[in-house]
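Structure first, then comments.
The values are calculated or read from the model by the stated rules, or taken from the named source; none is laboratory data. All of these numbers come straight from a predicted model, not from anything done at the bench. FYI the Cβ positions are ideal-geometry reconstructions off the backbone, even for glycines, and counts take in every protein chain you see.
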Amino acid sequence: MGEATIRYDEPSDSLYVSFAPGEPATGFELNDHILLRIHKSEQRAVGLTFLEYSTLTEKTVLGPRSFPLTGLARLPSESRELILSILQRPPVSDFLTLSAYTPSRGETIPTASIRVSSLVIPSSP
């Protein structure tokens, strides 16, 4: 795997990050705005898709936005563990920062924020 290929589609406000262009993958919806594509048998990331990218990267008065990864709750535990493992290592961790919200002692909700500094969006010609 070489350097990530990044493509921004302005009309749909979507950002596509590919770590292995053209490679078949299985997609997992992390939430309504973030899709992770992985090569399951090799347990590695193939790409990320960010929908409504400009909303995801808007700063708040308290810093970068973060989003609950609600899609993980719908996965079997084995898939959830694999996805969390992939999210915590490069190349995905170069683009997403993982954290957690703990509303109670026994409940942990994974969250993510986009590392905007890692994303260099090519300008339109």
* Residue ID - surrounded by the fewest Cβ atoms within 10 Å (Cβ to Cβ), chosen from residues in the range 41-60 that are under 14 Å from PRO11 (Cα atoms) and touching a strand residue (DSSP E or B) at 6+ places or on another chain (Cβ under 7 Å) -> LEU51
* **Unique match (being crowded, with 17+ Cβ neighbours inside 10 Å, at negative phi and basic (Lys, Arg)) among ARG65, ARG89, ARG37** => ARG37
* Does PHE19 satisfy the criteria of being over 17 Å from LEU75 (Cα atoms), modelled with pLDDT of 95 or more and not hydroxyl-bearing (Ser, Thr, Tyr)? -> yes
* Asked: Looking at the range 1-119, what strands (runs of 3 or more DSSP E) fall wholly within it and have at least 3 residues that are of a type in the set (Val, Ile, Thr)?
  -> 107-114
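Quick grid of which residues meet (1) closer than 19 Å to TYR8 by Cα; (2) at pLDDT 95 or above:
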position	(1), (2)
THR26	no, yes
GLY71	no, yes
LEU82	no, yes
LEU87	no, yes
VAL92	yes, yes
TYR101	no, no
